[in-house]
1. Working carefully through the options GLU101, GLU66, GLU89, find the one that is out of contact with any helix residue (DSSP H, G or I) (no Cβ under 9 Å at 6 or more places or on another chain), on the phi < 0 side of the Ramachandran plot, open to solvent by 50 Å² or more (accessible area, probe 1.4 Å) and assigned to a helix (DSSP H, G or I).
2. I need the full set of residues from the range 1-23 which are among the hydrophobic types (A, V, I, L, M, F, W, C) and assigned to a helix (DSSP H, G or I), in order please.
3. Just to be sure before I move on: is ARG229 within 24 Å of ALA131 (Cβ to Cβ) and either modelled with pLDDT of 65 or more or within 18 Å of the chain's Cα centre (by Cα) (or both) in the structure I sent?
4. Only one of ILE137, ILE161 is at pLDDT 95 or above and open to solvent by less than 30 Å² (accessible area, probe 1.4 Å); which?
5. Checking LEU37 against (1) among the aliphatic types (A, V, I, L, M); (2) within 30 Å of LEU205 (Cβ to Cβ); (3) open to solvent by less than 10 Å² (accessible area, probe 1.4 Å), which single condition isn't satisfied?
6. How many of the residues in the range 9-30 are open to solvent by less than 70 Å² (accessible area, probe 1.4 Å) and either of a type in the set (Lys, Arg) or in contact (Cβ under 8 Å) with a residue 40 or more places away in the chain (or both)?
7. Let me confirm something: among LEU94, LEU29, which residue is modelled with pLDDT under 95 and closer than 18 Å to MET1 by Cβ?
Amino acid sequence: MRSATNVLDEVEEVVERFDIHGFEFVDELMTLDKKRLADICAGIDARGLHKIRWVGSSTVNQIDYETTRMMKESGCTMLHLGVESGSPEIRKRLNKRITNEEIVNAFEAAHKAHLRTTACIMIGSPGETEATVQETIDLMKRIRPHKIAFNIVTPYPGTAIYEEFGLSDKALDWDEAFSSDPDTPEQAVIFYNVSGLPDEELQRLWSKFRREVELSPRNLLNLQMTVNRLTNARNWRHLWHNFRGAIKILFDR
């Protein structure tokens, strides 16, 4: 890890040289070393960097109220949390060693500290079924994140799933794995299906999740989620395609 002093030096330099006050710490284990995190948070205050706003990431089993309050007080506005699935069976299959109780407690701690949250979710793991997707939907309704990062499982090189399916022997266009068509946001990007389900069924479950979670009446009326959608749109054309895609998801059963 880079030291807290090293990180703070860079933040301070960017503020002074470029007048940039928004940061994302791209570190999925930012909360692993609590002393280092505390030093970064305290250093922001000690160096007079009160105007900066930042985003961080963590696993749910490293989160408690004291940690989220400390992050919030130092300018953190959003915390990305890896949930992956609401199904304990699927998480075990992914070697994701967290429980539903830990997930719920982490989101409750962040919300108590008035810290916005992102739930990072994916469907299409090996062994996925409609029942396991429903477990994920039910958990999302319980934890109520402010934002959802939702994707289909992609077996990237270096992962256990990549090795399990012998993908090193296949000629795959990995540029395609990172692509999406902004004109058809209602279509899931299924690069290489490892779920055992037909692509059509995986697409249906993807639409079901979006319809029941992201496009539920509660979330459509949530001001913070609406602001997130608007600010993530690249332009008016992109916003229109997103709106049209949402209508298709809502009414195409």
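The values are calculated or read from the model by the stated rules, or taken from the named source; none is laboratory data. Given the structure is predicted, the values throughout are model-derived calculations rather than measurements. For neighbour counting, all protein chains shown are included, and Cβ atoms are generated from backbone atoms with ideal geometry for every residue, glycine included. Ligands, DNA and RNA are excluded from the accessible area calculation, which covers all protein heavy atoms including side chains. Shrake-Rupley method; radii C 1.70, N 1.55, O 1.52, S 1.80 Å.
1. Exactly one of GLU101, GLU66, GLU89 is out of contact with any helix residue (DSSP H, G or I) (no Cβ under 9 Å at 6 or more places or on another chain), on the phi < 0 side of the Ramachandran plot, open to solvent by 50 Å² or more (accessible area, probe 1.4 Å) and assigned to a helix (DSSP H, G or I), namely GLU101.
2. Hits for the range 1-23 are ALA4, VAL7, LEU8, VAL11, VAL14, VAL15, PHE18.
3. In short, no.
4. Only one candidate qualifies: ILE137.
5. Just one mismatch for LEU37, condition (2).
6. The number of residues fulfilling the criteria is 1.
7. LEU29
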